[in-house]
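What follows is a short report on a single structure.
The values are calculated or read from the model by the stated rules, or taken from the named source; none is laboratory data. Fair warning: this is a prediction, and the values are worked out from it, not measured in the lab. Note that we place each Cβ from the backbone using ideal geometry, even for glycine, and neighbour counts take in every protein chain shown. Areas reflect the complete protein model, heavy atoms only, side chains present, ligands, DNA and RNA absent. Shrake-Rupley method; radii C 1.70, N 1.55, O 1.52, S 1.80 Å.
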Amino acid sequence: MTETTHPLNGLAHEGIRPPGEEPYYLPVGDEVAIFEQCHERRLAVMLKGPTGCGKTRFVEYVAWRLGRPLVTVACHDDLSASDLTGRYLIRGGETVWQDGPLTLAARLGAVCYLDEVVEARQDTVVVIHPLTDHRRLLPVEKTGELVEAAEGFQLVVSYNPGYQHVLKDLKPSTRQRFVALEFDFPPPEREVEIVQHESGVDRPTAHQLVTLGGQLRRLRDRGLAEVPSTRLLVATARLVAGGIAPKTACRVGLVGPLSDDADLVAAMRDLVDLTMAGS
């Protein structure tokens with residue numbers, strides 16, 4: 001026996017976040033107003049920016065402002081179209097249809113966030129095309145169904161331009177279906193506010209960490225492939241807030257994750273010793 005089921009009872013489903021408490025997000029420009037216009041005009045949105053600069057938190061925040069559930073998909077090399085649209089499963093001796101996260105989001109009128117979309121195969125990404133234009137339709141090949149996106153549905157994708165190369169880039173026919181919002185690390189004063197709020201450290205410590213983060217980011221010119229993100233600064237600050245000595249927290253929370261190169265590690269440790277107070 002074959003039947004179609006909708007696994008969503010209320011909004012209790014893995015990967016779906018119903019509207020809840022307001023996520024903390026500190027705007028740095030007019031990105032919130034632009035996003036809300038895109039939602040009102042039914043335009044898909046692309047977020048571009050380095051890892052850990054606040055793209056995911058931004059999506060959580062605007063989904064909350066819009067009062068929409070949020071469906072998040074972490075894209076990867078093996079992501080197939082069926083992973084997005086759905087597949088048949090065997091349950092209790094019966095064949096049942098399981099909506100994928102994209103189908104579920106379209107039915108719900110949710111915000112669907114495809115994180116690091118360039119990691120997905122191009123033949124997988126193509127499945128989103130009919131949802132990004134005036135049709136707002138999702139063809140589900142395996143069932144023959146044509147799902148019309150419910151009111152409120154919003155498609156958002158993100159990627160880090162620093163990771164792009166010829167084998168991992170969006171096709172022009174995909175890119176031109178989105179409004180692009182560019183993100184970067186916040187200005188220092190804003191970043192201090194974020195680090196302090198998210199970690200609970202005092203303001204002088206947050207300021208020292210942000211200053212150190214800025215100095216470490218300049219090591220990109222000396223071969224540091226991945227510079228410290230705001231997320232990494234917050235994680236380090238949480239160690240400090242938990243009682244770990246600041247310099248120790250920086251060595252394990254900042255320097256260690258960034259590189260194994262002995263020269264770069266030595267340079268970063270010198271900057272830690274020069275910038276951070278205490279032991």
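Each listed q (0.19, 0.21 Å⁻¹) maps to a log10 I(q)/I(0) for the stretch 225-279 from the Debye sum over equal C-alpha point scatterers, namely -0.60, -0.73. The alpha-carbon of residue 168 sits under 20 angstrom from the alpha-carbons of these lysines, leaving out residues fewer than 8 places away in its chain: 48, 55.
For the stretch 63-203, the Stokes-Einstein estimate of translational diffusion at 4 °C and a viscosity of 1.567 mPa s comes to 76 µm²/s, using the Kirkwood hydrodynamic radius over alpha-carbon pairs. Across the protein chains, with a 1.4 Å probe defining accessible surface, the residues 142, 171 rank 142, 171 from largest area downward. Roughly what % antiparallel, to the nearest 5, for the DSSP beta bridges in the stretch 1-157? Around 45 percent of the beta bridges assigned by DSSP in the stretch 1-157 are antiparallel ones. Taking the C-alpha atoms only, the angle from helix 31-40 to the longest principal axis of the chain is near 0 degrees. Go ahead and collect, in residue order, the members of the stretch 104-123 whose backbone nitrogen is under 20 Å from a label point 7 Å along the Cα-Cβ direction of residue 133. Of the residues in the stretch 104-123, 106, 122-123 have backbone N under 20 Å from the label point off residue 133. Annotation: the antiparallel percentage among DSSP beta bridges lying fully within the stretch 104-249 is about 55. The alpha carbons of the chain occupy a box of 67, 42, 40 Å along the principal axes, longest dimension given first. Based on Cα contacts under 8 Å between residues 6+ apart, the stretch 68-176 shows a relative contact order of 30 percent.
Entry for the stretch 24-72 at q = 0.15, 0.22 Å⁻¹: log10 I(q)/I(0) = -0.38, -0.86, Debye formula applied to identical alpha-carbon scatterers, no solvent contribution. Only Cα pairs under 8 Å and 6+ residues apart enter the sum, and on that basis the relative contact order of the stretch 152-279 stands at 22 percent. Taking the Cα centre of the chain as reference, the dipole from Cβ charges on Lys and Arg (+1) and Asp and Glu (-1) amounts to some 200 debye. Against the empirical 2.2 N^0.38 Å (N residues), the stretch 33-118 has a Cα radius of gyration ratio of 1.26.
Hey, what angle do you get for helix 230-241 against the long axis of the chain, alpha-carbon based, 0 to 90 degrees rounded to 10? Approximately 60 degrees, to the nearest ten. Expressed as a fraction of 2.2 N^0.38 Å, the C-alpha radius of gyration for the stretch 132-279 is 1.43. Of the residues 232, 243, 98, the one whose Cα sits farthest toward the positive end of the charge dipole of the chain, with +1 on the Cβ of Lys and Arg and -1 on the Cβ of Asp and Glu, is 232. Annotation: the antiparallel percentage among DSSP beta bridges lying fully within the chain is about 40.
Placing a pseudo-label 7 Å from each Cα along the Cα-to-Cβ vector at residue 262 and residue 247 gives an inter-label distance of 2.2 nm. Using only Cα atoms and rounding to the nearest 10 degrees, what angle (0 to 90) does helix 55-66 make with the longest principal axis of the chain? Its long axis makes an angle of about 50 degrees.
Descending by average beta-carbon neighbour count within 10 Å, the peptides 235-248, 51-64, 33-46 line up as 51-64, 235-248, 33-46, the highest first. Take 256-264, 189-197 and order them by the average number of nearby Cβ atoms within 10 Å per residue, most first; the result is 189-197, 256-264. Ellipticity at 222 nm from helices only: DSSP H runs of n ≥ 4 in the chain, each -39500 (n - 2.57), divided by the residue count, give -10500 deg cm²/dmol. Only Cα pairs under 8 Å and 6+ residues apart enter the sum, and on that basis the relative contact order of the stretch 1-159 stands at 28 percent.
Within the stretch 29-58, name every residue whose backbone N is under 12 Å away from a label modeled 7 Å from Cα of residue 182 along the Cβ vector. In the stretch 29-58, the label zone of residue 182 (backbone N under 12 Å from the point 7 Å along Cα→Cβ) covers 48-50.
Mean projection of the Cα convex hull over all viewing directions, computed for the stretch 131-201: 8.7 nm². Measuring how big the stretch 166-206 is from its alpha-carbon positions, Rg and Dmax come out at 17.6, 48 Å.
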